[in-house]
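Undergrad: One structure is given below, represented as structure tokens, and several questions about it will come after.
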Amino acid sequence: MAISVSGREITITPRTDVPANAAGALCQKGWTAAELLTNGTRLTSPLLHGRPVAWDVALDHVADRLSAIRREHGPDGVAVFGGGGLTNEKAYLLGKFARVALGTSQIDYNGRFCMSSAAAASIRAFGMDRGMPFPVTDLAGADVVLLAGGNPAETMPPFVRHLDGPRLIVVDPRRTATAKLAWLHLRPAPGTDLALALGLLHLAVAEDLVDVAYVEERTSGFDAVRTSLAAWWPERVERITGVPVQRMREAVRALAYAKSAYVLTGRGAEQHAQGTDTVTAFVNLALALGLPGRAGSGYGCLTGQGNGQGGREHGQKADQLPGYRKIDDPAAREHVAGVWGVDPAGLPGPGRSAFELLDALGTPAGPKAMLLFGSNPVVSAPDSGRVAERIRSLDLLVVCDVVMSETAALADVVFPVTQWAEETGTMTNLEGRVLLRRQAVEPPPDVRSDLEVIAGLARRLGHDFADEPGKVFEELRRASAGGPADYAGITYDRITDSAGPGVFWPCPEPEHPGTPRPFLDAFPTPDGRARFVPVEHRGPAEEIDDDYPLYLTTGRVLAHYQSGAQTRRIAPLADAVPEPYVELHPDLAGRLDIEAGDRVRVTSRRGEGQGVARISDAIRSDTVFMPFHWEGANRLTNPALDPTSRMPEFKVCAVRVERVA
């Protein structure tokens with residue numbers, strides 16, 4: 001979006017030069033984004049134990065406490081928690097700050113809760129994770145698109161315009177706004193997406209729909225996958241998932257007979273304790289049909305945060321260095337350490353993943369302090385009541401935020417930081433296009449950027465970090481050079497508004513045009529082939545029983561975003577959906593004597609949440625839905641972790657429901 005200022009009036013207009021924006025479309029959240037800049041709900045001065053103080057006082061206090069905690073407990077006594085909405089510059093500098101200024105391995109970010117399963121599946125199949133390894137605009141020319149576990153009609157409405165042309169197949173337990181647009185809606189029971197994907201691939205093999213020439217020329221491992229499918233005959237899959245065999249056949253045939261087809265996954269398929277395997281099963285389906293690496297077809301994953309792609313590329317993950325390098329790779333450590341001017345041996349190794357990090361806070365072997373940037377885990381983390389207890393046990397909590405979020409309210413020190421319109425920086429969109437977002441308005445007088453906070457703390461700890469976005473990006477370019485996410489050839493000059501709508505990575509040198517479709521000639525694996533990986537369905541980590549007889553699934557609504565810390569403070573959005581709700585099928589509501597508008601209590605083995613009852617046949621009769629933009633839904637969710645991605649199982653847990661008297 002673009003922003004213009006006249007006096008005190010701020011006007012939002014869509015950017016029309018970025019093709020993914022669908023000719024300048026914005027959703028309700030975009031049109032109202034400027035309100036938070038001026039509506040008086042934001043933080044405007046540093047807080048120390050709830051009292052306004054000068055910046056030097058707050059920074060000195062934090063630096064002194066960090067030094068003391070590190071002396072007593074070692075570098076890993078301090079944790080850093082980032083966010084997928086941070087600019088590339090912030091994500092990069094935050095990772096450098098953790099490894100160099102603090103020397104801690106204890107850094108991760110909320111993107112672990114977002115696209116980590118799809119990232120892990122893409123890396124093991126293709127050798128690289130770029131959410132969509134093709135321009136978003138390619139989708140409009142497809143004959144068929146299968147979308148598993150995504151609801152972009154509410155989460156990213158401009159994206160849906162690219163789906164107007166194809167026949168759309170939606171996999172979702174709910175009849176969402178996106179499913180209502182579908183040519184074919186497959187409604188599996190929560191936690192059975194993997195079984196469905198195996199059944200679809202079984203049908204593709206049984207009906208001779210596999211692209212044999214593509215499989216032989218461009219992939220490896222298909223024989224093992226074909227053998228593993230023997231147990232997943234369609235009638236068995238129907239019993240497990242509830243999806244009729246005929247609908248499965250229609251879906252597979254549509255994809256196989258299409259000249260141009262895509263398979264896409266979203267959080268609904270990924271946020272499971274078997275999320276990586278679930279995405280892998282859909283990737284296997286795409287590979288068997290010959291889609292990835294072919295112009296006009298492919299596999300991709302929808303991102304979930306403002307910089308969901310770039311946020312995971314430059315070092316704020318526990319196992320990662322800039323350029324999407326692995327932190328335990330000796331060559332990667334040597335390269336990045338050279339850019340940073342430090343000894344590679346002094347860099348820490350991999351740390352805990354996001355939930356494991358939060359769950360370790362304040363424990364005898366865990367961090368005693370945490371610096372948190374751009375996240376609100378008291379609302380957004382699974383088993384959030386337990387996470388809040390761990391956060392309260394810290395000796396020091398420091399939060400950088402725009403508003404007083406639920407997590408910031410627990411902090412010893414809160415730093416007020418700039419918003420999107422008040423700062424310059426790069427973002428990388430879901431198709432891997434690096435875009436420059438320029439500052440449009442001045443921030444309030446006593447508000448600083450996250451880069452300034454990080455650099456200010458680093459100076460007090462004896463390190464000289466740049467805090468100007470352009471200088472940080474130049475360093476990021478050098479640190480990423482030669483890595484999977486290579487930004488070396490991308491400069492601010494190349495991605496200004498006048499120079500064009502961004503550049504696709506990898507882009508190894510200034511003369512390189514960028515890489516909009518990286519898999520056309522070969523996959524970035526040792527042999528250039530994509531890899532089939534056999535997987536098996538295991539079901540949800542927590543099944544329903546007599547005490548907790550219903551499934552809970554969670555998700556987003558059109559008016560709100562992530563933990564709702566900002567959108568709940570914007571009047572039109574808060575008016576549209578003012579409070580949490582519980583969606584129930586009419587049959588279930590009748591059995592429980594619940595009517596629309598009743599207050600409802602939902603209880604799991606971990607906690608309880610409440611909301612207003614909404615009665616709808618869009619939900620299965622064995623399932624209830626709650627949006628996660630308020631405290632409550634994630635008190636219920638299960639922190640069972642995917643063994644590969646360490647993604648928690650947000651999308652399904654066992655609950656009971658009752659009307660509040």
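Undergrad: List every residue pair whose Cβ atoms lie under 7 Å apart, where the two residues are 6 or more positions apart in sequence or sit on different chains, the first residue falls within the stretch 480-507 and is more than 25 Å from ALA332 (Cβ to Cβ) and among the small types (Gly, Ala, Ser), and the second residue, located anywhere, is surrounded by fewer than 17 Cβ atoms within 10 Å (Cβ to Cβ) and modelled with pLDDT under 95.
TA: As it stands, the answer is ALA499/ASP493, since those pairs meet every condition given.
Undergrad: Identify all residues within the stretch 94-117 that are at pLDDT 95 or above and within 17 Å of the chain's Cα centre (by Cα); write none if there are none. Steps first, please.
TA: Our first condition is that a residue be at pLDDT 95 or above; within the stretch 94-117, this holds for 94-109, 117.
Correct list: ILE107, ASP108, TYR109, SER117.
Undergrad: Next question, about the same structure. Would you say ALA613 is modelled with pLDDT under 95, out of contact with any Ser or Thr (no Cβ under 9 Å at 6 or more places or on another chain) and not acidic (Asp, Glu)?
TA: Spelling it out, it is not the case that ALA613 is modelled with pLDDT under 95, out of contact with any Ser or Thr (no Cβ under 9 Å at 6 or more places or on another chain) and not acidic (Asp, Glu).
Undergrad: On the given criteria, is HIS560 part of a loop (DSSP other than H, G, I, E, B) and crowded, with 22+ Cβ neighbours inside 10 Å? Before you say what the answer is, go through the steps one by one.
TA: Working: part of a loop (DSSP other than H, G, I, E, B): yes; crowded, with 22+ Cβ neighbours inside 10 Å: yes.
Judged against the criteria, HIS560 is a match.
Undergrad: Could you run through the stretch 378-398 and say how many residues are touching a residue at least 40 places away in the same chain (Cβ under 8 Å) and either among the aliphatic types (A, V, I, L, M) or within 12 Å of ALA409 (Cα to Cα) (or both)? Reasoning before the result, please.
TA: At the first step, the residues of the stretch 378-398 found to be touching a residue at least 40 places away in the same chain (Cβ under 8 Å) are 378-386, 395-396, 398.
Those left that are additionally either among the aliphatic types (A, V, I, L, M) or within 12 Å of ALA409 (Cα to Cα) (or both): 378-379, 381, 396, 398.
So the count comes out to 5.
Undergrad: Does the stretch 169-186 hold any residues that are closer than 24 Å to PRO19 by Cα and either open to solvent by 10 Å² or more (accessible area, probe 1.4 Å) or aromatic (Phe, Trp, Tyr) (or both), and which are they?
TA: Of everything in the stretch 169-186, those that are closer than 24 Å to PRO19 by Cα and either open to solvent by 10 Å² or more (accessible area, probe 1.4 Å) or aromatic (Phe, Trp, Tyr) (or both) turn out to be ALA177, LEU181, ALA182.
Undergrad: Tell me which residues, restricted to the stretch 246-271, are open to solvent by 10 Å² or more (accessible area, probe 1.4 Å) and either in contact with a Pro (Cβ under 6 Å, 6 or more places away or on another chain) or closer than 25 Å to ARG112 by Cα (or both).
TA: Answer for the stretch 246-271, where residues must be open to solvent by 10 Å² or more (accessible area, probe 1.4 Å) and either in contact with a Pro (Cβ under 6 Å, 6 or more places away or on another chain) or closer than 25 Å to ARG112 by Cα (or both): ARG267, GLY268, GLN271.
Undergrad: Could you please tell me which pairs satisfy a Cβ distance under 7 Å, a separation of 6+ or placement on different chains, a first residue in the stretch 219-247 that is more than 29 Å from PRO526 (Cβ to Cβ), and a second residue that is open to solvent by 20 Å² or more (accessible area, probe 1.4 Å) and among the charged types (D, E, K, R)?
TA: Taking only residues 6 or more apart or on different chains, the pairs are GLY242/ARG187; VAL243/ARG187; PRO244/GLU238; VAL245/GLU235; VAL245/GLU238.
Undergrad: Go through the stretch 604-621 and give me each residue that's open to solvent by less than 40 Å² (accessible area, probe 1.4 Å) and either at positive phi or touching a helix residue (DSSP H, G or I) at 6+ places or on another chain (Cβ under 9 Å) (or both). Outline the logic, then answer.
TA: Going through the stretch 604-621, the residues open to solvent by less than 40 Å² (accessible area, probe 1.4 Å) turn out to be 604, 607, 609, 611-613, 616, 618-619.
SER604, GLY607, GLY609, GLY611, ALA613, SER616, ALA618, ILE619 - these are the residues of the stretch 604-621 that are open to solvent by less than 40 Å² (accessible area, probe 1.4 Å) and either at positive phi or touching a helix residue (DSSP H, G or I) at 6+ places or on another chain (Cβ under 9 Å) (or both).
Undergrad: Which residues, taken from the stretch 168-220, are under 22 Å from GLY275 (Cα atoms), assigned to a loop (DSSP other than H, G, I, E, B) and of a type in the set (D, E, K, R)?
TA: The answer is ASP172, ARG174, ARG175, ARG187.
Undergrad: From ARG477, ARG517, ARG494, which residue is within 24 Å of the chain's Cα centre (by Cα), more than 30 Å from ARG218 (Cβ to Cβ) and of a type outside the set (Gly, Ala, Ser)? Spell out how you get there, then give the answer.
TA: Numbers: ARG517 fails: more than 30 Å from ARG218 (Cβ to Cβ); ARG494 fails: within 24 Å of the chain's Cα centre (by Cα).
Testing whether each residue is within 24 Å of the chain's Cα centre (by Cα), more than 30 Å from ARG218 (Cβ to Cβ) and of a type outside the set (Gly, Ala, Ser) leaves just ARG477.
Undergrad: Still on this structure: Of the residues that sit in the stretch 410-454 and are of a type in the set (A, V, I, L, M, F, W, C), surrounded by fewer than 24 Cβ atoms within 10 Å (Cβ to Cβ) and over 24 Å from the mean Cα position of the chain (by Cα), which one is nearest to ASN634 (Cα to Cα)?
TA: This residue is LEU410.
Undergrad: I'd like the full set of residues that are open to solvent by 10 Å² or more (accessible area, probe 1.4 Å), more than 23 Å from GLY555 (Cα to Cα) and touching a strand residue (DSSP E or B) at 6+ places or on another chain (Cβ under 9 Å), limited to the stretch 136-164.
TA: Result: ASP138, ASP143.
Undergrad: So which residues in the stretch 334-365 are free of Cβ contacts under 8 Å to residues at least 40 places away in the same chain and part of a loop (DSSP other than H, G, I, E, B), if there are any at all?
TA: Of everything in the stretch 334-365, those that are free of Cβ contacts under 8 Å to residues at least 40 places away in the same chain and part of a loop (DSSP other than H, G, I, E, B) turn out to be GLY341, ASP343, GLY362, THR363, PRO364, ALA365.
Undergrad: Only residues that are farther than 13 Å from GLU250 by Cα, without any contact (Cβ under 8 Å) to a residue 60 or more places away in the chain and not hydrophobic (A, V, I, L, M, F, W, C): list them for the stretch 168-203, please.
TA: THR178, LYS180, PRO188, HIS202
Undergrad: Test ARG477 against the criterion of being at pLDDT 95 or above, over 23 Å from PRO173 (Cα atoms) and open to solvent by 30 Å² or more (accessible area, probe 1.4 Å), and give yes or no. It would help to see each step written out before you state the result.
TA: Details: at pLDDT 95 or above: yes; over 23 Å from PRO173 (Cα atoms): yes; open to solvent by 30 Å² or more (accessible area, probe 1.4 Å): yes.
It is true that ARG477 is at pLDDT 95 or above, over 23 Å from PRO173 (Cα atoms) and open to solvent by 30 Å² or more (accessible area, probe 1.4 Å).
Undergrad: Answer with yes or no whether ALA224 is more than 30 Å from PHE628 (Cβ to Cβ), modelled with pLDDT of 95 or more and surrounded by 23 or more Cβ atoms within 10 Å (Cβ to Cβ).
TA: On the way: more than 30 Å from PHE628 (Cβ to Cβ): yes; modelled with pLDDT of 95 or more: yes; surrounded by 23 or more Cβ atoms within 10 Å (Cβ to Cβ): no.
For ALA224, the condition - more than 30 Å from PHE628 (Cβ to Cβ), modelled with pLDDT of 95 or more and surrounded by 23 or more Cβ atoms within 10 Å (Cβ to Cβ) - is not met.
Undergrad: Follow-up question, since we're still on this one. Somewhere in the stretch 546-553, is a residue β-branched (Val, Ile, Thr), part of a loop (DSSP other than H, G, I, E, B) and closer than 26 Å to LEU200 by Cα?
TA: No, that holds for no residue.
Undergrad: Suppose we filter PRO578, PRO524 for residues that are part of a loop (DSSP other than H, G, I, E, B), open to solvent by 40 Å² or more (accessible area, probe 1.4 Å) and free of Cβ contacts under 8 Å to residues at least 24 places away in the same chain; which single one remains?
TA: Working: PRO524 fails: free of Cβ contacts under 8 Å to residues at least 24 places away in the same chain.
The conditions single out PRO578.
The values are calculated or read from the model by the stated rules, or taken from the named source; none is laboratory data. Computed from a predicted model, the values in this text were never measured in an experiment. For neighbour counting, all protein chains shown are included, and Cβ atoms are generated from backbone atoms with ideal geometry for every residue, glycine included. Side chains included, ligands, DNA and RNA excluded: accessible areas come from the protein's heavy atoms. Shrake-Rupley method; radii C 1.70, N 1.55, O 1.52, S 1.80 Å.
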